[in-house]
Amino acid sequence: MKYQNSSVWKLSLATLAAFLLCCTINTAPAQNVPQIAEKTLAATVYLEMKDSTGKTLAFGSGFFVRENLIATNYHVIAGAASGTAKLVGKDTTYKIKGFTATDETNDLALLKVTAYGIKPLPLGNSTDVKIGETVYVAGNPMGLEGTFSDGIISSRRDKYTKERLQMTASISPGSSGGSVLNSKGEVIGVAYATIEGGQNLNFAIPANYLKTLLTLSKPAKPLAHGNQTVSAETYFLRGNMMYELKRYQEAIVAYNKAIQRKPDYADAYNNRGVAKGDLGQYFAAISDYDKAIQLKPDEATAYGNRGLAKSNLGEHIAAIRDCDKAIQLKPDEATAYNNRGIAKHRLGQHIAAISDYDKAIQLKPDYADAYNNRGGAKHRLGQHIAAISDYDKAIQLKPDYAMAYNNRGLTKRALGQHITAISDYDKAIQLRPDYADAYINRGVSKALLNRKWEAKQDFQAALRLAEKAGDDNAKARAEKALQILE
């Protein structure tokens, strides 16, 4: 028998041991998605923060990183005097005792509660995250508890001087502060969303920043009583949250505070302009875009947004020039193509408009507005089946898209499909109870079906809503419809 040299044998044993250890560390199996969702949501909370008067200041998501410690975004808690954390899917609610550490630069905070039996989520190494990797986001979008969605990491970006992971997974208001996980169920980031030029962008704050914050955790300090300084960035993020909730006036107030603290905050001017535009304050919106462009002359999104505001004022040629400038500055600016398409559509240039919408969708395949707008241009060209297909896609991408339901109803009406058209108007009104145009359009379809009493009810409801909103165009249409019906 041939014996192996003992030193070689010891070396082989050491090598084998190292190999086995390596295997033990690196072969943690990927869990299936239902398992990840179950474990994650069991450690996820819905946060509601209040000011010193008891008024709700903000809300968001958080998750347990230790048995009595919850991680969330700093902008969710900034300025709050009190708050609660409710376990997702349960009646259990914890009073927030205070914070143990904050990192305003990276928009992170650790909150202390008294909880028992909660299994914290494991933290992964965010440095290892790869572009194209599948990730999962848990949170409470729009206050809906326990939502779990997936996406991929689309890029690593230097955002506000710190690294951020950009994702395709959607982060809605209420999901800020939630966990972003890899296929092993490890937290690789903390979710937060921002808006640039009216576009929703979804980011994760790398988990390694959270690991650092955990090492700095100290005994809990009480939440503020409204007397600490809140940064411009925090107000900006809060404005974005209010904007996404369609609470445009509150968004404007938050952007005002961001600008007061940072007068050269071009993004805040731009986003305030977007909010004003959604309120129909187009001249004021243009003034904000002008300021954003003055501060950042190469800001493509501000040019594109100013173009839309000018088009809404009937200045379509000037609108196209602004969108051209935006595209010149940033050839992949999807919103500029979409907004230029709107201006061309309003000039009756429907084929050219469709070309712009095509480009916007090519650049941003999940662009619900571009699908909706392209559907409108196809409708104008009599391409009704193709238009309905576009509206279907817009609704698939954005299920609460009241305008797309209304527009699909119009196209179905053009095809004589009045019953299904009414169903679409019903949905539009359910999603947006103050939608005067949807009431008018539903009334027309009912009148065409000889349901005149019901049609009259819809026209009268539209008239009341239009008068309340100061919408002269809808008011005139409702009045005309009532006259014809009589």
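Looking at (1) in a loop (DSSP other than H, G, I, E, B); (2) at pLDDT 95 or above; (3) not hydrophobic (A, V, I, L, M, F, W, C), which is the one condition that is false for residue 272?
Answer for residue 272: the failing condition is (1).
Can residue 44 be described as closer than 16 Å to residue 140 by Cβ and buried (at least 24 other Cβ atoms within 10 Å of the Cβ)?
Working: closer than 16 Å to residue 140 by Cβ: yes; buried (at least 24 other Cβ atoms within 10 Å of the Cβ): yes.
Yes, satisfied.
Going by the conditions given, is residue 414 under 22 Å from residue 384 (Cβ atoms) and in contact with a helix residue (DSSP H, G or I) (Cβ under 9 Å, 6 or more places away or on another chain)?
yes
Filter the stretch 88-109 down to residues that are of a type in the set (A, V, I, L, M, F, W, C) and at pLDDT 90 or above and give me whichever is surrounded by the fewest Cβ atoms within 10 Å (Cβ to Cβ).
For the stretch 88-109, the residue satisfying everything is 101.
Considering only residues that are of a type in the set (Lys, Arg), assigned to a helix (DSSP H, G or I) and over 34 Å from the mean Cα position of the chain (by Cα), look in the stretch 408-461 and name the one that is surrounded by the fewest Cβ atoms within 10 Å (Cβ to Cβ). Please lay out each step first, then the result.
Filtering the stretch 408-461 for residues of a type in the set (Lys, Arg) gives 408, 412-413, 427, 432, 442, 446, 451-452, 456.
Of the ones still in play, those that are also assigned to a helix (DSSP H, G or I) are 408, 412-413, 427, 442, 446, 452, 456.
Now restrict to residues that are over 34 Å from the mean Cα position of the chain (by Cα): 446, 452, 456.
On the way: 446: 22, 452: 13, 456: 17.
Here the residue is 452.
Do you know which residues across the stretch 44-99 are within 15 Å of residue 175 (Cβ to Cβ), not in a strand (DSSP E or B) and not β-branched (Val, Ile, Thr)?
73, 75
What about residue 338, is it buried (at least 19 other Cβ atoms within 10 Å of the Cβ), within 21 Å of the chain's Cα centre (by Cα) and touching a residue at least 40 places away in the same chain (Cβ under 8 Å)?
no
Of the conditions (1) assigned to a loop (DSSP other than H, G, I, E, B); (2) at pLDDT 95 or above, residue 256 clears all except one; give me its number.
(1)
Could you tell me which residue of the stretch 237-278 is nearest to the chain's Cα centre (by Cα), considering only residues that are touching a residue at least 40 places away in the same chain (Cβ under 8 Å) and closer than 22 Å to residue 300 by Cα?
Ranking the qualifying residues of the stretch 237-278, first place goes to 244.
Considering each residue of the stretch 466-483, count those that are farther than 15 Å from residue 279 by Cα and in contact (Cβ under 8 Å) with a residue 12 or more places away in the chain, and give that number.
Count: 7.
Please find, among 309, 319, 285, 300, the residue that is more than 19 Å from residue 371 (Cα to Cα), touching a Phe, Trp or Tyr at 6+ places or on another chain (Cβ under 6 Å) and buried (at least 17 other Cβ atoms within 10 Å of the Cβ).
Result: 309 is the single residue among 309, 319, 285, 300 that is more than 19 Å from residue 371 (Cα to Cα), touching a Phe, Trp or Tyr at 6+ places or on another chain (Cβ under 6 Å) and buried (at least 17 other Cβ atoms within 10 Å of the Cβ).
Restricting the search to the stretch 184-230, which residues are modelled with pLDDT under 85, within 22 Å of the chain's Cα centre (by Cα) and not in a strand (DSSP E or B)?
Hits for the stretch 184-230 are 197, 198.
Test of understanding: among 251, 284, 292, which residue is touching a Leu at 6+ places or on another chain (Cβ under 9 Å) and outside the structural domain of residue 107 (by TED's automatic domain parsing)?
251
Out of 212, 234, I need the residue that is buried (at least 22 other Cβ atoms within 10 Å of the Cβ), closer than 21 Å to residue 110 by Cα and of a type in the set (S, T, N, Q). Which one? Steps first, answer last, please.
Numbers: 212 fails: buried (at least 22 other Cβ atoms within 10 Å of the Cβ).
Only one candidate passes the filter, namely 234.
With respect to the numbered conditions (1) in contact (Cβ under 8 Å) with a residue 12 or more places away in the chain; (2) in contact with a Lys or Arg (Cβ under 8 Å, 6 or more places away or on another chain), which one is the sole condition not fulfilled by residue 386?
Evaluating residue 386 over (1) in contact (Cβ under 8 Å) with a residue 12 or more places away in the chain; (2) in contact with a Lys or Arg (Cβ under 8 Å, 6 or more places away or on another chain) leaves (1) as the failure.
Under the condition of being touching a Pro at 6+ places or on another chain (Cβ under 8 Å) and assigned to a loop (DSSP other than H, G, I, E, B), which residue from the stretch 133-183 is modelled with the lowest pLDDT?
If we take residues in the stretch 133-183 being touching a Pro at 6+ places or on another chain (Cβ under 8 Å) and assigned to a loop (DSSP other than H, G, I, E, B), then 173 is modelled with the lowest pLDDT.
Output the number of the condition that residue 121 fails; it satisfies all remaining conditions of (1) modelled with pLDDT of 90 or more; (2) assigned to a loop (DSSP other than H, G, I, E, B); (3) out of contact with any Ser or Thr (no Cβ under 7 Å at 6 or more places or on another chain).
(3)
In the stretch 257-282, how many are surrounded by 24 or more Cβ atoms within 10 Å (Cβ to Cβ) and closer than 13 Å to residue 306 by Cα?
Residues in the stretch 257-282 being surrounded by 24 or more Cβ atoms within 10 Å (Cβ to Cβ) and closer than 13 Å to residue 306 by Cα: 8 in total.
Might you let me know whether the stretch 370-384 holds any residue that is in contact with a Leu (Cβ under 7 Å, 6 or more places away or on another chain), surrounded by fewer than 22 Cβ atoms within 10 Å (Cβ to Cβ) and in the same structural domain as residue 479 (by TED's automatic domain parsing)?
No; the residues of the stretch 370-384 include none that is in contact with a Leu (Cβ under 7 Å, 6 or more places away or on another chain), surrounded by fewer than 22 Cβ atoms within 10 Å (Cβ to Cβ) and in the same structural domain as residue 479 (by TED's automatic domain parsing).
Name the residues in the stretch 347-387 that are over 18 Å from residue 316 (Cβ atoms) and aromatic (Phe, Trp, Tyr), would you?
Matches in the stretch 347-387: 367, 371.
Report, ordered by the first and then the second residue, all pairs with beta carbons closer than 8 Å, sequence separation of six or more or different chains, a first member in the stretch 48-67 that is surrounded by fewer than 16 Cβ atoms within 10 Å (Cβ to Cβ), and a second member that is among the acidic types (Asp, Glu) and modelled with pLDDT of 85 or more.
Sorted first by the residue in the stretch 48-67, then by its partner, the pairs are 56/48.
The values are calculated or read from the model by the stated rules, or taken from the named source; none is laboratory data. The structure presented is a predicted model; accordingly, all values stated were derived computationally and were not measured. For neighbour counting, all protein chains shown are included, and Cβ atoms are generated from backbone atoms with ideal geometry for every residue, glycine included.
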